[in-house]
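Derivation of every value follows stated rules applied to the coordinates shown; laboratory data play no part. Note that the coordinates shown come from a computational prediction; the quantities given were computed from them, not determined experimentally. Counting neighbours? That spans all protein chains shown, and the Cβs are built from the backbone with ideal geometry, glycine included.
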């Protein structure tokens with residue numbers, strides 16, 4: 001009797017504790033490095049907490065005063081939070097749209113059974129390599145190339161032209177920043193889209209070829225609809241990364257957002273609050289606004305790319 005009971009107990013041993021043990025490090029790191037700092041950021045947003053010279057002011061509870069200050073127009077009449085958010089979105093759109101379109105075309109070409117490109121492994125490695133280079137290194141490279149004494153201006157002068165100040169012109173500075181972000185991330189996007197296309201049932205493409213469908217019809221009627229979940233993922237992650245744009249414009253503009261704060265992003269302003277006056281209250285307010293903007297834009301992207309449900313019997 002006792003041996004049978006012992007056998008039943010051995011069979012009913014739960015190994016769930018080992019699962020909890022293996023996932024515990026993730027939750028510990030997330031709790032200490034992400035969740036607690038996030039909650040502390042929300043806490044700081046409602047307090048006056050900064051350095052005035054060597055004197056620490058606060059923390060004093062001020063309610064929504066930090067947000068009021070954030071949306072108060074400056075002497076020039078501009079509301080800086082809107083300007084910096086606009087700068088961020090413009091430079092993100094300039095880099096993200098070409099990035100996704102170019103990556104999608106490359107993904108379709110590399111996965112095409114008709115083209116059968118040789119050496120795909122080599123090309124995949126080459127297009128992904130810029131993603132492995134630090135943003136600071138990329139930024140310094142382009143800063144050197146387009147500086148007033150750099151190779152690009154030397155070529156312009158050799159051709160009989162005048163020195164063009166790329167970093168003192170609004171659209172050339174923004175274009176360089178967007179191009180750097182494009183170069184850094186299009187390889188990663190291409191790999192993700194290729195994985196999505198290869199996950200589509202190949203019999204669908206074969207059936208379309210037998211039916212005489214054109215390449216454009218296959219692309220828009222089969223590839224794009226079935227790839228939409230991956231495209232949504234790519235767009236949302238690119239959006240989140242774009243709104244957190246910092247290192248490239250920081251280096252290109254020497255941290256000043258030149259010319260005339262047109263390349264200054266939200267995170268650059270957040271860093272300015274932390275780095276100069278240690279104004280954790282205003283930095284927390286900017287962080288919350290960044291969080292809200294990211295959430296709203298991600299929701300809009302998700303809603304507009306969500307497949308429409310078919311109506312049945314007059315109802316959705």
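Descriptive notes on the structure:
- Put the Cα centre of the stretch 25-90 next to the Cα centre of the stretch 113-135 and the gap is 41 Å.
- Compactness ratio for the stretch 17-149: Cα radius of gyration over 2.2 N^0.38 Å (N = residue count) comes to 1.70.
- Gaussian network model of the chain, springs between alpha carbon atoms under 10 Å - residue of 238, 158, 208 with greatest fluctuation: 158
- Cβ-derived FRET efficiency at R0 41 Å, residue 131 paired with residue 209, nearest 0.05: 0.75
- Calculated P(r) tail over 14 Å for the stretch 14-65, as whole % of Cα pairs: 68 percent
- Estimated from helices alone, the mean residue ellipticity of the chain at 222 nm is -20500 deg cm²/dmol (sum of -39500 (n - 2.57) over DSSP H runs with n ≥ 4, per residue).
- Candidates 265, 144, 189, ranked by Gaussian network fluctuation over the chain, Cα under 10 Å, top entry: 144
- Residue with peak Gaussian network fluctuation, the chain [Cα springs, cutoff 10 Å], from 63, 86, 212: 212
- In this calculation the C-beta distance from residue 228 to residue 23 is compared with R0 = 30 Å, giving a FRET efficiency of 0.45.
- Relative to the globular-protein estimate of 2.2 N^0.38 Å, the Cα radius of gyration of the stretch 76-305 stands at 1.20.
- Coarse-grained scattering of the stretch 216-308 at q = 0.16 Å⁻¹, given as base-10 log I(q)/I(0) from a Debye sum over alpha-carbon atoms: -0.76
- Estimated FRET transfer efficiency when R0 is 45 angstrom, pair residue 74-residue 157 (beta carbons, to 0.05): 0.70
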